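Below is one structure, written out as structure tokens; the observations come after it.
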Amino acid sequence: MKQIWMKSLQRIQKNLETINSIGKTDNGMERLAFTEAEQQARQWFKERCIEEGMEVRTDPVGNVIARREGKREQAGAIAIGSHLDTVYNGGRFDGTIGVLAGLEIVHRLNRKKVMTDRPIEIIAFAAEESARFGMATIGSKAMAGLLDEGCTDRLLDKDGVSLGEAMNQLGYRGELLSKAARRKEELFAFLELHIEQGPELEQLGKQVGIATGIAAPVRLKVQVNGMAAHSGTTSMVRRQDALVAASKLVLAVEAAAKREKAYRTVATVGMLEVRSGAMNIVPGDVQFYVDIRSLDRASRLRVMRSLEDTVRCVEEENGVHVTLETISKEEPVLLDACVQQVLGNACETLGIQPNLMPSGAGHDAMNMAALCAAGLVFTPSRKGVSHHPEEYTEIADITRGVDVLEAAVLQLDHSGKERFADEAI
């Protein structure tokens, strides 16, 4: 048994190394959405699925869907998937292991000559990362019918290329996005394996995490307008310093999130721009962006309200004008409790004690939850590093994650409970 497991581990490692030869840079991975590198990775995946005897198709948004038929061809499929695109200078594991997990499970089923009742699908979603076009999970949003067609013209990369143009260059039809949407009866359940992208599993010494839900962000643009002035001739009491005011707001964001630590709410200012900045000028115009995430809507709202209250105080104290603009607002997703139980049972069968935890990052599973019962499994990330060349997860931990997914797939396939079927659809 150990020898079979080691062969699986070696196969996963080889596949990971092979696919990561595509888009490899001197300092990381770069397979941006709708680029030639991502296209090559998708082609590699298609060829491996065909070798496993699967039928492969690509939908209008570029999602690759490989299907292994079951005894009941008309039954809703059990889907496994994630993404193959990366951020700029990204890591080797984010998204990729979820696609390879599906490939390995199908290989195991073929080797053991297991014919499932339900069809099995592997999905490599397009454009999960927001790095190129500023919107995340484009492929799964389209599949779940959550994407408006106008985004193909509205979303631009840093070179001014629209999402629609980038799609068309690779032969995809941006104007047919609605045809990527699937009916709920097509899918029974969706499972995703992903690196944690945080340090909790490693710190707890846990091999597997089961996500209870996926926190969603509210993103704000904050504009602070003061008065630019000469730094030597303007007294401290007469200044309308936009950067000082913005700094107070940044600290207020941090303090408000810390007050919500019981709800695991987080808030980040990761981008700040001082307009016409110079060493000898009192800053007159500052713009920054706020990202607030939580599974608890009320907690997230309290952070926003606290920021709004601080804005009023800062305007009065510093003589500035502040505008808050909500640029995106997504709702948190609670993942299916029945699938969580199935994943927990799979861990118990394998002698693994999982950690139940929320996901602070968005994943394709959150959109698939609008179509069917969805589950998300985490593997440990060394030092919690992700979206970085030093991102690393042990191959043994990935293989254990695949074991959990395989056991869960078989349990879902054998489930004849109408209650579960109704909840899933």
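The values are calculated or read from the model by the stated rules, or taken from the named source; none is laboratory data. Please read all numbers here as calculations on a predicted model, not as lab measurements. Heads up, the Cβs are rebuilt from the backbone with ideal geometry, glycines too, and the neighbour counts pull from every protein chain shown. Side chains included, ligands, DNA and RNA excluded: accessible areas come from the protein's heavy atoms. Shrake-Rupley method; radii C 1.70, N 1.55, O 1.52, S 1.80 Å.
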| How large is ³J(HN,Hα) for each residue in region 152-163, as worked out from phi by the Karplus curve 6.51 cos²θ - 1.76 cosθ + 1.60 (θ = phi - 60°), to whole Hz, x for Gly and Pro? | 5, 8, 7, 7, 10, 8, 5, 9, x, 7, 7, 4
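Taking the Cα centre as origin and putting +1 on Lys and Arg beta-carbons and -1 on Asp and Glu beta-carbons, what dipole magnitude results for region 1-149, to the nearest 20 debye? Working shown, then result.
Values: 22 positive and 21 negative charges, 199 e Å.
Computed charge dipole of region 1-149: roughly 960 debye.
State the percent of C-alpha pairs, over all pairs in the chain, separated by a distance greater than 38 angstrom.
Numbers: 23351 of 90100 pairs.
Percentage above 38 Å: 26.
With only Lys, Arg, Asp and Glu charged, each at its Cβ (+1 for the first two, -1 for the last two), find how big the charge dipole of region 112-178 is about the Cα centre; round to the nearest 20 debye.
Numbers: 8 positive and 11 negative charges, 84 e Å.
The dipole magnitude comes to about 400 debye.
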| query | Taking the Cα-to-Cβ direction at LEU156 and at GLU51 and moving 7 Å from each Cα, how far apart do the two end points lie in nm? | reply | 4.3
| Tell me, what HN-Hα J-couplings in whole Hz come from the Karplus equation 6.51 cos²θ - 1.76 cosθ + 1.60 at θ = phi - 60° for each residue of region 90-100, using x for Gly and Pro? | x, x, 9, 10, 4, x, 4, 5, x, 6, 5
| query | Between ASP285 and residues 5 or more places away or on another chain, which pairs have amide H atoms under 5 Å apart, with H built 1.01 Å from N, and which residues are they? | reply | GLY226, ALA242, ARG275
| field | GNM result for the chain, Cα springs below 10 Å: residue of ALA216, ALA228, ALA126 fluctuating most strongly | value | ALA228
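I'd like the antiparallel share, as a percent to the nearest 5, of DSSP beta bridges with both residues in the chain. Show your work: numbers first, answer last.
Numbers: 46 of 68 bridges.
In the chain, DSSP labels about 70 percent of beta bridges as antiparallel.
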| Cα gyration tensor of region 365-406, axes a ≥ b ≥ c as square roots of the eigenvalues: rounded (a/c below 1.5), prolate (a/b > b/c) or oblate? | oblate
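Considering only protein heavy atoms, with the full assembly of protein chains and a 1.4 angstrom probe, order TYR88, TYR392, TYR172 by accessible area, largest first. Mind dumping the intermediate values first?
Numbers: TYR88 85, TYR392 55, TYR172 20 Å².
From most accessible down to least: TYR88, TYR392, TYR172.
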| request: Rounded to the nearest 0.05, what FRET efficiency do ALA262 and ASN89 give with R0 = 41 Å and r taken as the Cβ-Cβ distance? Could you check? | output: 0.70
| query | Say the dipole of the chain comes from +1 at the beta carbon of Lys and Arg and -1 at that of Asp and Glu; which of VAL266, SER276, ILE210 then lies farthest toward its positive end? | reply | ILE210
| Using 7 Å Cα-to-Cβ label points, what is the ASN280/ASN168 separation (nm, one decimal)? | 5.1
| remark: Listed by chain and number, the residues whose amide H is under 5 Å from that of PHE190, excluding neighbours fewer than 5 places away on the same chain and using placed H, are ALA79, ALA373, ALA374, GLY375
| Separation between the MET271 and GLN74 pseudo-spin-labels, each 7 Å from Cα along Cα→Cβ, expressed in nm? | 4.9
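Once you charge only the Cβ atoms, +1 for Lys and Arg and -1 for Asp and Glu, what is the size of the charge dipole of region 278-425 about its Cα centre, to the nearest 20 debye? Don't skip to the answer; put the middle values down first.
On the way: 12 positive and 24 negative charges, 49 e Å.
That gives region 278-425 a dipole magnitude of about 240 debye.
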| query | Taking Cα atoms of region 149-235, Rg/Rh with Kirkwood Rh, to two decimals? | reply | 1.19
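Taking only C-alpha pairs under 8 Å that are 6+ residues apart, what is the relative contact order of the chain in percent?
Values: 950 pairs, mean separation 89.5, N = 425.
Relative CO of the chain lands at 21 percent.
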| Calculated FRET efficiency, GLN203 and LEU301, Cβ-Cβ r, R0 30 Å, to nearest 0.05? | 0.55
| remark: Relative contact order as a percentage, region 148-305, C-alpha pairs under 8 Å and 6+ apart, gives 22
| request: Search the structure for amide H atoms under 5 Å from the amide H of ASN63, placed 1.01 Å from N in the peptide plane, and list their residues when 5 or more places away or on another chain. | output: ALA126
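Tell me, what is the Rg over Rh of region 82-204, with Rh the Kirkwood radius over Cα pairs?
My calculation puts Rg/Rh at 1.02.
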| field | When each of LYS14/LYS112; LYS113/LYS206; LYS158/LYS221; LYS71/LYS112; LYS24/LYS113 is checked by Cα-Cα distance, pairs over 24 Å | value | LYS113/LYS206; LYS24/LYS113
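Provide Rg over Rh for region 274-386; use the alpha carbon set for both Rg and the Kirkwood Rh (inverse mean inverse pair distance).
Details: Rg = 21.2 Å, Rh = 18.4 Å.
Ratio value, two decimals: 1.15.
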| remark: Accessible-area order for ARG293, ARG302, largest to smallest, probe 1.4 angstrom, reads ARG302, ARG293
| note | For region 1-128, the percent of all C-alpha pairs falling in each 5 Å bin, from 0 up to the bin holding the max distance, is 2, 11, 21, 23, 18, 13, 8, 3, 1, 0
| message | Just to check I understand the Karplus step: with θ = phi - 60° and J = 6.51 cos²θ - 1.76 cosθ + 1.60, what whole-Hz values come out for region 234-249, glycine and proline as x? | response | 9, 5, 5, 7, 9, 7, 10, 7, 5, 6, 4, 4, 4, 4, 4, 5
